[in-house]
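Visitor: The structure is given below, and queries will be raised subsequently.
The values are calculated or read from the model by the stated rules, or taken from the named source; none is laboratory data. Since the structure is predicted, the reported quantities are computational estimates derived from the model, not experimental observations. Cβ coordinates were reconstructed from backbone atoms using ideal geometry, including for glycine residues, and neighbour counts include every protein chain displayed.
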Amino acid sequence: MKNAIIAVLLCLALANVAWADSPAPRTFNSMTSFSEGILMYGGIGQDSTVLGDSWLLQYVDMIWVWSRLSEISTPGKLYGIKIFTRSSTDTVYLFGGEDDQGALHNELWRYDQSTLEWILVSDNASSKPTPRKHAACWITDDELYILGGEDDVDFLQDYWKFNFSTMLWER
């Protein structure tokens, strides 16, 4: 019953979305919520192209409105990425994914809310997770955890931790 109520409320909320300027249909994208709204990045479009766009969904004047964000500085066209919010700082991060050329990535990006651009996080690490897509990610106040995912050959079962204070990865 609880799930049915949530589904009805979600449908009612989406009935008030301004769809005129909205993202193209996609799969393998990622979304997170933060103080400004809901941020969505990348994915694969209906025509199988890999997308590299950022969209922000905000509640404005009693209606949900999509806004396309700057593409000046982005992680690129990626799918299978993970995007998440560090709640203690209200900062959005993006990790990993596969690009439109089939290359896997292991970079960590931060979304700058003041410039509306993505910034590559310098991790000062000689050791970091191997490139991957579809990893499980979760975040605490000061640490990001990465578990598994897949590379070009197999499913991964490794576990990594990134410390935001030291800017270092450890296994």
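Visitor: Restricting attention to the range 54-70, which residues are at pLDDT below 85 and of a type in the set (D, E, K, R)?
Guide: Asp61
Visitor: Being out of contact with any Pro (no Cβ under 8 Å at 6 or more places or on another chain), in contact (Cβ under 8 Å) with a residue 40 or more places away in the chain and under 17 Å from Glu98 (Cα atoms) is the filter here, so list the residues in the range 151-171 that pass it.
Guide: Asp152
Visitor: I need a count of the residues in the range 93-120 that are touching a residue at least 60 places away in the same chain (Cβ under 8 Å), within 14 Å of Lys77 (Cβ to Cβ) and part of a loop (DSSP other than H, G, I, E, B).
Guide: Matching residues across the range 93-120 total 0.
Visitor: If you scan the range 135-159, which residues turn out to be within 17 Å of the chain's Cα centre (by Cα), surrounded by fewer than 18 Cβ atoms within 10 Å (Cβ to Cβ) and part of a loop (DSSP other than H, G, I, E, B)?
Guide: Correct list: Thr140 only.
Visitor: Would you pick out the residues in the range 96-134 that are within 16 Å of the chain's Cα centre (by Cα), over 22 Å from Trp55 (Cβ atoms) and among the aliphatic types (A, V, I, L, M)?
Guide: Once the filter is applied, which keeps residues that are within 16 Å of the chain's Cα centre (by Cα), over 22 Å from Trp55 (Cβ atoms) and among the aliphatic types (A, V, I, L, M), the range 96-134 yields only Leu104.
Visitor: Can you list the strands (runs of 3 or more DSSP E) lying wholly within the range 47-87 that have 2 or more residues being surrounded by 13 or more Cβ atoms within 10 Å (Cβ to Cβ) and touching an Asp or Glu at 6+ places or on another chain (Cβ under 7 Å)?
Guide: Working: elements: 50-60, 63-68, 82-86.
Strands (runs of 3 or more DSSP E) meeting the threshold: 50-60.
Visitor: Sticking with this structure for a sec: Under the condition of being surrounded by 15 or more Cβ atoms within 10 Å (Cβ to Cβ) and of a type in the set (D, E, K, R), which residue from the range 101-131 is nearest to Gln157 (Cα to Cα)?
Guide: Lys128
Visitor: For Asp112, indicate whether it is in contact with a strand residue (DSSP E or B) (Cβ under 7 Å, 6 or more places away or on another chain) and closer than 21 Å to Gly37 by Cβ.
Guide: The answer is yes for Asp112.
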